Amino acid sequence: MDLKAPEGKLGVLIPGLGAVSTTFIAGVNAIIKGQTAPIGSLTQMGTIRLGKRTENRIPKIKDFIPLADLKDLVFGAWDIFEDDAYRAATKAQVLTPQDLEQARSTLEAVKPMKAVFDQNYVKNLDGPHKKSAANKMMLAEMLMDDIKAFRKTNQTSREVMVWCASTEVYIEAAEVHSTLEKLEHGMLNNDPLIAPSMIYAYAALKSGVPFFNGAPNLTVDIPALIELANQTGLPIAGKDFKTGQTLIKTILAPGLKSRMLGVEGWFSTNILGNRDGEVLDDPSSFKTKEVSKKGALDYIFQPDMYPELYKDLYHKVRINYYPPRGDAKEGWDNIDIFGWMGYKMQIKVDFLCRDSILAAPIVLDLVLFADLALRHNMKGIQEWLSFYFKSPMVAPELYPEHDIFIQLTKLKNTLRWMAGEELITHLGNEYYDDYE
Ligand SMILES: NC(=O)c1ccc[n+]([C@@H]2O[C@H](COP(=O)([O-])OP(=O)(O)OC[C@H]3O[C@@H](n4cnc5c(N)ncnc54)[C@H](O)[C@@H]3O)[C@@H](O)[C@H]2O)c1
């Protein structure tokens with residue numbers, strides 16, 4: 001693969017100007033100005049080993065692979081509230097007033113476009129800044145016009161879209177999602193199984209823009225939109241940024257399994273008080289999140305292959321809306337494990353985390369990797385980016401890989417493969433040949 005350096009500006013189109021997206025934009029601004037290091041971002045701080053360990057070739061990922069420069073990012077967004085990113089960030093209360101002041105002009109410049117929104121899909125939320133049209137196809141066309149206007153105003157050479165809007169109600173893939181033709185027909189007929197996020201994804205893919213999904217909604221994870229991505233040669237990925245509790249879960253669980261320790265129970269509970277928490281207080285949005293959060297352990301522990309260790313695992317996930325905490329979430333995990341001769345042990349984790357602080361660098365990495373994939377014609381599902389998602393999209397015949405260490409190896413090997421470097425297997429017996 002011929003890796004070319006990007007040219008021109010990269011448009012970052014974001015449905016949802018809330019806690020995550022405004023924290024992301026403010027952070028990028030602070031990094032550009034040298035006020036902070038890009039902590040949490042693999043593309044900016046991570047390194048990649050090339051060749052043998054004795055070669056000492058360990059560049060930073062961003063020096064090895066041609067990624068867009070942060071100075072070339074231009075932001076656009078949609079929201080159901082008219083607040084610009086500065087006001088939205090002030091309300092989200094993730095960052096201190098001092099940090100917000102430093103990013104003020106950048107944030108104030110991001111004024112949201114009218115959203116495609118329907119309260120039937122996010123029960124605990126409504127706002128005035130919305131598009132209206134006779135059918136869902138017309139709404140998609142209005143979004144496509146927004147993208148064209150954004151491109152013209154900002155003179156971008158390419159764009160990516162990352163969904164940072166609220167979690168929608170739980171929808172299962174159905175007939176209307178099965179082919180592009182059926183989806184388009186459904187959009188014309190206002191089929192209720194077509195959620196607003198699907199309309200954004202359709203508009204992006206029709207406009208030559210990759211679509212990555214940071215929420216657990218089905219959205220682009222349906223055959224119709226996978227078909228459209230393959231047809232238009234565009235990358236897609238999702239779902240649900242892997243932050244907080246699930247991040248810890250996919251760090252701990254592979255470790256327990258690697259030592260063949262049994263797990264009979266994993267109880268996870270959270271309190272959070274931001275708008276995301278309020279949306280998730282509605283059972284139908286919570287169901288979408290619950291399905292996304294619960295998948296990881298089943299795939300990591302493979303109870304069918306290890307019935308003595310994991311067959312009876314009782315896994316429970318709760319999220320409770322608790323306003324006093326705002327964006328500073330507390331996630332507790334109680335893990336009941338057992339070891340040699342069946343003796344029981346317990347692990348307790350109490351993670352006092354900041355959701356949007358964990359999510360923002362993921363948005364940055366996904367923006368840069370979506371653009372990398374776009375420039376190198378990597379179409380369809382980008383499974384190598386599973387590393388960033390709670391519920392990774394994969395080809396229909398595959399199970400998703402949740403183990404974060406396998407995910408990282410996969411990501412780095414994909415970068416090596418793109419650059420024509422040898423893949424690293426960690427076999428390493430060549431270092432010992434001389435001892436024979
Ligand atoms: N913060 C994390 O750690 C994390 C992790 C994984 C996933 N997520 C997901 O990311 C999303 C954003 O999280 P957040 O904390 O920023 O939430 P938030 O509530 O602060 O922001 C979401 C914004 O989206 C807007 N919105 C809702 N529906 C919209 C639509 N159809 N079009 C345009 N705008 C719309 C809302 O008005 C709100 O401003 C949520 O779906 C959340 O579940 C967050």
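Miscellaneous remarks
- Ranking of Met305, Met137 by neighbouring Cβ atoms within 10 Å, starting from the fewest: Met305, Met137.
- The charge dipole of the stretch 289-387, taken about its Cα centre with unit charges on the Cβ atoms of Lys, Arg (+1), Asp and Glu (-1) only, comes to about 220 debye.
- The chain: radius of gyration over Cα atoms, expressed as a fraction of 2.2 N^0.38 Å: 0.99
- Under the shape rule built on the C-alpha gyration tensor, where the axes satisfy a ≥ b ≥ c, the stretch 317-436 is oblate, since a/c reaches at least 1.5 while a/b does not exceed b/c.
- Given charges at Cβ of Lys, Arg, Asp, Glu: the stretch 269-411 dipole, positive-most of Thr288, Gly331, Trp384: Gly331
- Of the residues Val279, Leu256, Tyr299, the one whose Cα sits farthest toward the positive end of the charge dipole of the stretch 244-354, with +1 on the Cβ of Lys and Arg and -1 on the Cβ of Asp and Glu, is Leu256.
- Cross-link check: pairs Lys33/Lys131; Lys148/Lys410; Lys289/Lys348; Lys9/Lys52; Lys71/Lys136; Lys33/Lys257 evaluated at a Cα-Cα cut-off of 32 Å; pairs beyond the cut-off: Lys33/Lys131; Lys148/Lys410; Lys9/Lys52; Lys71/Lys136; Lys33/Lys257.
- Tensor-based shape of the stretch 161-276 (alpha-carbon gyration tensor, a/c under 1.5 rounded, otherwise prolate or oblate): prolate
- Cα→Cβ-extended label distance, 7 Å offset, between Lys91 and Ala173, nm: 3.5
- Sorting Thr425, Thr106 by the number of Cβ atoms found within 10 Å of their own Cβ, with the fewest placed first, yields Thr425, Thr106.
- Karplus 3J(HN,Hα) series, Hz, for the stretch 335-348 with 6.51 cos²θ - 1.76 cosθ + 1.60 (x for Gly, Pro): 10, 9, 10, 9, x, 2, 6, x, 5, 8, 9, 9, 10, 10
- Residues in the stretch 259-299 reached by a label modelled at Tyr343 [backbone nitrogen below 15 Å; 7 Å Cα→Cβ]: 261-262
- Whether the stretch 71-154 is rounded, prolate or oblate, judged on the alpha carbon gyration tensor where a/c under 1.5 counts as rounded: oblate
- The modelled label-to-label distance between His185 and Thr54, using points 7 Å beyond Cα along the C-beta direction, is 6.5 nm.
- Pairs beyond 29 Å (Cα-Cα), from Lys4/Lys379; Lys4/Lys249; Lys329/Lys390: Lys4/Lys249
- Exposure proxy ranking for Lys412, Lys123, Lys9, Lys71, based on other Cβ atoms within 10 angstrom of each Cβ and starting from the fewest, stands as Lys71, Lys123, Lys9, Lys412.
- Amide H contacts of Ile337 (H built 1.01 Å from N, under 5 Å, at least 5 apart or other chain): Glu264, Met345, Gln346, Ile347
- For the chain, relative contact order (Cα pairs under 8 Å, six or more residues apart, normalised by length) works out to 19 percent.
- Subtracting the Cα-Cα distance of His129 and His376 from their residue separation scaled by 0.36 nm leaves 85.3 nm.
- Residues Thr425 and Gln35, FRET efficiency given R0 of 56 Å [Cβ-Cβ distance, rounded to 0.05]: 0.90
- Taking the Cα centre of the chain as origin and assigning +1 to Lys and Arg Cβ atoms and -1 to Asp and Glu Cβ atoms, the resulting dipole is close to 780 debye.
Readers should treat all values here as calculations from the given coordinates under stated rules, not as data from a laboratory. Given the structure is predicted, the values throughout are model-derived calculations rather than measurements. Glycine also receives a Cβ, built like all others from the backbone with ideal geometry; neighbour counts cover every protein chain displayed.
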